[in-house]
């Protein structure tokens with residue numbers, strides 16, 4: 001019997017927690033451990049609290065539960081049984097009813113429109129007449145749900161950016177992008193106390209605001225969620241049309257209720273969310289200006305939805321790619337722990353793997369594209385060609401590699417011995433192997449003895465990089481002028 005780790009984040013809810021724990025103690029599924037994360041003294045938020053619980057967990061399954069849930073005796077058993085029958089199940093939740101009104105449903109999964117920001121919770125407020133019995137695929141789960149421990153680890157865990165709310169929805173979307181599906185299981189049931197009256201005002205409680213701090217989080221996190229998961233067009237419509245509408249209506253509701261303290265926090269949340277959105281735009285522009293990365297985006301086949309990033313480093317090229325392309329799954333591979341940790345903290349990839357790039361443990365044709373940027377020159381030449389051959393086997397559509405042209409000295413940056421250059425390549429090396437080559441940059445500008453290294457001023461060096469970017473059309477259309485850097489790319493016939 002596989003162990004289930006029940007993780008409960010609680011804060012000043014002694015009576016609710018007691019009822020919750022009793023329900024898990026009475027489960028017919030006996031291989032359970034219960035982990036309580038107490039936020040009463042220091043409130044780390046739901047997201048970080050659950051991450052802490054997951055790090056302590058010993059179970060093969062993680063069950064995240066609100067502290068005001070009462071689980072049916074067979075709930076855990078029914079959830080585990082479904083996981084055992086479906087290897088593609090990602091996040092699975094029970095059918096949830098109102099505590100005190102068991103015939104009234106509270107949730108059977110939900111979705112969020114990434115254009116309008118509107119949340120639709122299926123079953124909320126409906127009388128339970130069996131309409132949600134059976135197994136239903138749902139985009140998002142919440143309140144109480146189960147996931148495999150290995151799938152949780154693949155995502156990198158909860159995003160601490162949210163604190164609460166939207167943390168569950170963000171997690172579910174990231175699980176879906178790994179290729180899994182989320183479900184609501186009608187045979188598994190639970191009761192949830194749900195929205196509690198806080199005597200703030202019924203109007204304000206209706207929009208999910210129960211305190212000044214909650215007002216800040218609700219306002220801020222909606223914007224962050226849309227910014228992270230919406231397309232460029234969805235973001236523009238939401239920010240330009242729907243967000244102003246929400247702000248006007250919600251502000252009027254809060255004003256009429258007479259809670260100026262909540263209104264102030266609400267607007268602080270709006271400003272914080274908009275600042276996040278603008279910072280994302282700034283970063284996207286910055287990544288675009290890092291012109292040595294730009295060709296990767298342009299060279300990628302438009303049909304590519306999954307990418308293996310071999311020797312991912314700190315992941316800056318992938319940030320550029322993901323800001324411009326709608327991808328389903330990316331996996332980052334590296335041997336240097338500080339770089340992998342940086343990628344995890346910044347949610348650059350969906351999955352991370354610490355392994356030698358010469359020994360990639362992936363199945364034949366398991367990714368649409370394999371990219372390896374600034375990696376091959378760090379291997380002995382024979383090892384580099386062997387690694388490239390392996391990448392070609394793993395890719396379904398395309399392989400893209402990038403490296404300096406010819407010899408270039410490179411020190412062990414960041415105390416990473418893997419940064420040392422061990423070999424050099426020229427375009428002809430790849431052309432004779434069936435690759436096309438795009439060259440970029442001038443050594444007399446960017447090389448070891450180039451102009452950029454003649455100046456110590458960061459401002460001057462930045463100006464030189466911008467000037468180099470402005471020369472990009474010249475590099476593209478006059479390849480004989482470029483001698484600094486190259487991209488070798490090859491279409492793979494499935």
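What number of residues within the range 1-17 satisfy the criterion of being exposed (fewer than 14 other Cβ atoms within 10 Å of the Cβ) and not in a loop (DSSP other than H, G, I, E, B)?
Of the residues in that region, 2 qualify.
Taking the criterion of being in the same structural domain as residue 96 (by TED's automatic domain parsing), under 26 Å from residue 156 (Cα atoms), in a helix (DSSP H, G or I) and touching a helix residue (DSSP H, G or I) at 6+ places or on another chain (Cβ under 9 Å), would at least one residue in the range 55-75 satisfy it?
No, because not a single residue in the range 55-75 is in the same structural domain as residue 96 (by TED's automatic domain parsing), under 26 Å from residue 156 (Cα atoms), in a helix (DSSP H, G or I) and touching a helix residue (DSSP H, G or I) at 6+ places or on another chain (Cβ under 9 Å).
Please state which of the following conditions residue 87 fails to meet, knowing it meets all the rest: (1) assigned to a strand (DSSP E or B); (2) surrounded by fewer than 19 Cβ atoms within 10 Å (Cβ to Cβ).
(1)
For residues that are at pLDDT 90 or above, part of a helix (DSSP H, G or I) and touching a helix residue (DSSP H, G or I) at 6+ places or on another chain (Cβ under 9 Å), scanning just the range 18-45, find the one that is farthest from residue 146 (Cα to Cα).
The residue in question is 23.
Limited to the range 297-332, what total is found for residues that are surrounded by fewer than 21 Cβ atoms within 10 Å (Cβ to Cβ), more than 19 Å from the chain's Cα centre (by Cα) and either assigned to a strand (DSSP E or B) or in contact (Cβ under 8 Å) with a residue 24 or more places away in the chain (or both)?
The number of residues fulfilling the criteria is 4.
Going by what's in this entry, would residue 379 be described as within 28 Å of residue 338 (Cβ to Cβ) and at pLDDT 90 or above?
Spelling it out, residue 379 is indeed within 28 Å of residue 338 (Cβ to Cβ) and at pLDDT 90 or above.
The values are calculated or read from the model by the stated rules, or taken from the named source; none is laboratory data. Since we're looking at a predicted model, the values are computed, not measured. All Cβ positions, glycine included, derive from the backbone under ideal geometry; neighbour counts span all protein chains shown.
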